[in-house]
């Protein structure tokens, strides 16, 4: 069979309206890469979800027509699978333990970081608290624990509930769930408790994880009996007749965690990010509204 010289191939390509492949200049083609729009010959074409891609773009986007991250496996809420699914849980646990140690070394920090509405720290002193502009107490109190049994119980719950949730929700969503649940628990305590009642601990955030676990298990059609038993036991402890527990923090965290998880787990795929982060934003707005209204009432 006769072969056409390269120069004749180029002229033929120009004559019939095609272009030369960017990797094989002597080969005319009508196909272009769907990402970079360069002409590609049949030998260079890589199948993509839409059309064909050149080898360079296929290597960058794993042949999907999207960025490299789009080809990564994702969880039920759209989060990418990570190498360490407990990284944020470990960091939160370490932070709680570190604060516990620092506070016990320097005991005066406890009253400076504890959550309460409005009260003097010593007789005849000026009023302090969240109502006096110390809003940071809503955050710092989430990482405070006074007794060993208190931090041990909460950190056990964080490790047991947090790991599976972090793996399912992804790091950003999981961290948002934890922090907003803790803030909601603190806000409800600030709203309903006596202004001079101190409150501390990660219980609000842990109850948020518990509520989110129930939502996730229901979404995945798991057996709900274990989580219902755990929830019932914790509610009995919360409302025990001996007192000493800020039930408002538990209830506030549970409600916030459940609502956030519903938004994350049941968000429609086409509007997933909008619904998920929109739910978080609405919970944050509710927290801010409660704090502002209570502050106005106390001052």
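The requirement of being touching a strand residue (DSSP E or B) at 6+ places or on another chain (Cβ under 7 Å) and part of a helix (DSSP H, G or I) is satisfied by residue 141. For the condition modelled with pLDDT of 80 or more, closer than 29 Å to residue 168 by Cα and either touching a helix residue (DSSP H, G or I) at 6+ places or on another chain (Cβ under 8 Å) or not in a loop (DSSP other than H, G, I, E, B) (or both), residue 101 does not qualify. Residue-level analysis places residue 221 among those that are within 17 Å of residue 258 (Cα to Cα) and outside any helix (DSSP H, G or I). Within the stretch 23-33, which residues are touching a strand residue (DSSP E or B) at 6+ places or on another chain (Cβ under 6 Å) and within 14 Å of residue 56 (Cβ to Cβ)? Scanning the stretch 23-33 gives 32, 33.
Residue 168 passes every criterion in (1) over 22 Å from residue 246 (Cα atoms); (2) more than 21 Å from the chain's Cα centre (by Cα) apart from (2). Residues in the stretch 165-186: is at least one outside any helix (DSSP H, G or I) and crowded, with 19+ Cβ neighbours inside 10 Å? Yes. Applying the set (1) in contact (Cβ under 8 Å) with a residue 24 or more places away in the chain; (2) at negative phi; (3) surrounded by 16 or more Cβ atoms within 10 Å (Cβ to Cβ) to residue 129 leaves exactly one unmet item: (2).
Answer yes or no: is there a residue in the stretch 267-277 that is under 15 Å from the mean Cα position of the chain (by Cα), assigned by TED's automatic domain parsing to the domain that holds residue 190 and not in a helix (DSSP H, G or I). So far as the stretch 267-277 goes, yes, one or more of its residues are under 15 Å from the mean Cα position of the chain (by Cα), assigned by TED's automatic domain parsing to the domain that holds residue 190 and not in a helix (DSSP H, G or I).
The values are calculated or read from the model by the stated rules, or taken from the named source; none is laboratory data. Remember, predicted model here, so these are calculated numbers, not experimental data. Neighbour counts are summed over all protein chains in view; Cβ atoms, including those assigned to glycine, are modelled from backbone coordinates with ideal geometry.
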